[in-house]
1. Say we join alpha carbon atoms closer than 10 Å with springs in a Gaussian network model of the chain; which of MET215, MET17, MET234 then has the biggest fluctuation?
2. Hey, how many Å between the Cα centroid of the stretch 283-301 and the Cα centroid of the stretch 178-253?
3. Any of LYS46/LYS165; LYS14/LYS164; LYS207/LYS291; LYS46/LYS101; LYS272/LYS294 with alpha carbons more than 20 Å apart? Name them for me.
4. Roughly how many nanometres apart are two label points built 7 Å out from the Cα toward the Cβ at LYS291 and LYS165?
5. Rounded to the nearest 500, what is the 222 nm mean residue ellipticity of the chain from helices alone, with -39500 (n - 2.57) per DSSP H run of 4+ residues and division by all residues?
6. Can you check how the C-alpha radius of gyration of the stretch 200-313 compares to 2.2 N^0.38 Å, as a plain ratio?
7. Per the Kirkwood definition applied to all pairs of different Cα atoms, how many angstroms is the hydrodynamic radius of the stretch 3-195?
Amino acid sequence: MDPLSDVCSFLEVKNLMTGQVRLGGSWAIRTDGQLRRHVILTVASKGSSWLSVDGVDAPIRIQEGDCYVLTHPSQWLRSEPESKSIQFMPFSTKDNDRSLKSLESAFPFSNEPTNIIDGARFFVDGLSADPLFDLLPPVIHVQADSTEATVLRSVLSILTYEAKKPRVGNQLMIDSLARILLVEVLRLCVAYEDSQKGWLGALVDTKIGAALAVMHRDVTRRETVDHIATAVGMSRSSFALRFKVLVGQSPLDYRLQLNMRRAAQLLLNNSKTVSSVAYELGYESERSFRKAFKRVMGCPPTSYRKTDTELCQR
């Protein structure tokens with residue numbers, strides 16, 4: 001499994017909402033970004049607008065057909081740069097529908113709307129979510145004529161259709177499409193030039209990206225740093241230094257945390273014993289596994305099963 005796919009296997013998409021708003025005249029919308037680990041995808045289906053995002057110096061011109069992704073959802077979206085905004089931050093599907101209607105009534109149109117905006121919002125949960133979100137850019141602008149915009153518009157269109165017309169298998173379709181959307185967003189972040197730091201930047205580095213692929217491919221093979229360095233054509237010292245500079249931790253620490261996140265996922269399956277999880281991850285001693293798990297996760301494996309994941313990590 002490639003590193004991005006592997007990390008995504010630790011993540012879960014929750015609280016997905018889709019919606020469309022049709023606006024007229026001069027309008028402006030403000031959304032607050034106090035909630036962490038939320039992603040907003042927006043498509044300008046008709047008309048253009050101006051987007052201002054916390055942490056980004058200049059407003060971004062959004063043209064018809066463009067998409068943008070917010071990973072720290074605090075934004076002003078305006079028909080004109082100086083338009084006055086109203087607050088919009090739904091927390092549930094019911095709130096979302098009511099808020100969209102109030103937006104449309106606040107900025108009415110006579111015959112045809114000047115702007116049609118489609119979007120989706122979801123929450124990302126899982127052991128890797130917080131450190132991953134710390135690396136993501138606050139906004140990514142995807143121009144209308146790009147391949148990526150075509151994919152995003154297509155996925156959002158199908159998601160919206162499934163959400164509006166529930167049929168047999170509806171929940172499976174929505175869950176699967178939401179995960180596809182998450183992966184596509186992370187792909188955009190990897191390709192985004194300002195994201196070339198930390199783990200995301202390491203993925204596109206020729207040598208360290210190859211090393212990450214080796215480390216994620218088979219966790220039961222506990223390769224040494226020497227083995228991984230040789231596999232990517234580097235000396236041990238230069239590999240260890242470059243890995244730490246790009247990823248932010250040593251190869252051994254990264255591999256340990258990767259294994260313990262996978263162990264935590266396996267422990268949620270009550271049919272597996274602690275010893276079987278230890279063996280599955282290549283540990284010859286259950287005692288050494290328990291010690292490593294507690295050091296990384298903050299509690300013993302048995303306690304982890306009984307305690308909320310986030311509480312256990314504090």
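Any read-out appearing in this document is the output of simple, stated calculations on the displayed coordinates, not a laboratory observation. As the structure is a prediction and not an experimental result, all values here were calculated from the model. No Cβ is skipped: glycine too gets one built from the backbone with ideal geometry, and neighbour counts run over all protein chains shown.
1. Evaluated over the chain, the most mobile residue of the options is MET234.
2. The stretch 283-301 and the stretch 178-253 have Cα centres spaced 24 Å from each other.
3. Details: LYS46/LYS165 23 Å; LYS14/LYS164 18 Å; LYS207/LYS291 31 Å; LYS46/LYS101 18 Å; LYS272/LYS294 18 Å.
Beyond 20 Å: LYS46/LYS165; LYS207/LYS291.
4. 6.1
5. Details: 14 runs with 149 residues, N = 314.
About -14000 deg cm²/dmol.
6. On the way: Rg = 15.2 Å, N = 114, 2.2 N^0.38 = 13.3 Å.
Its radius of gyration relative to the 2.2 N^0.38 Å reference: 1.14.
7. Numbers: mean 1/r = 0.0588 Å⁻¹.
Hydrodynamic radius (Kirkwood, Cα pairs) of the stretch 3-195 is 17.0 Å.
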